């Protein structure tokens with residue numbers, strides 16, 4: 001992952017396929033799976049956006065660096081959450097965290 005981080009800092013588009021594959025592998029190892037296309041919506045949205053950008057890049061379509069950086073950030077967050085609990089089971093909550101403001 002450290003090598004991917006370095007590559008992402010230089011070019012956010014090139015290493016995106018590797019980050020996507022690695023994130024999928026770690027999620028699967030932690031017990032997350034999509035059954036008949038029905039996975040957690042937030043996780044699937046992050047994975048789908050990453051796949052969409054990878055496909056666009058492979059077709060030779062232009063991919064904006066900020067789009068790739070956002071996709072990479074979402075994938076890194078999923079990766080980090082998955083490896084934070086290596087004993088996670090299929091019921092684990094791998095959804096990206098959201099920031100909630102508290103009044104006061």
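Annotations for the structure displayed:
- Once both labels are positioned 7 Å from their Cα atoms along Cα-to-Cβ, the gap between residue 48 and residue 10 label points is 3.4 nm.
- Counted residue by residue at 0.36 nm each, then reduced by the alpha carbon distance between them, the extension gain from residue 73 to residue 29 reaches 13.8 nm.
The numbers here are math on the coordinates, done by the rules we state, and not lab data. Worth saying up front: this structure is predicted, and the values here are computed from it rather than measured. Because the Cβ atoms are built from the backbone with ideal geometry, glycine has one as well, and the counts that use them run over all protein chains shown.
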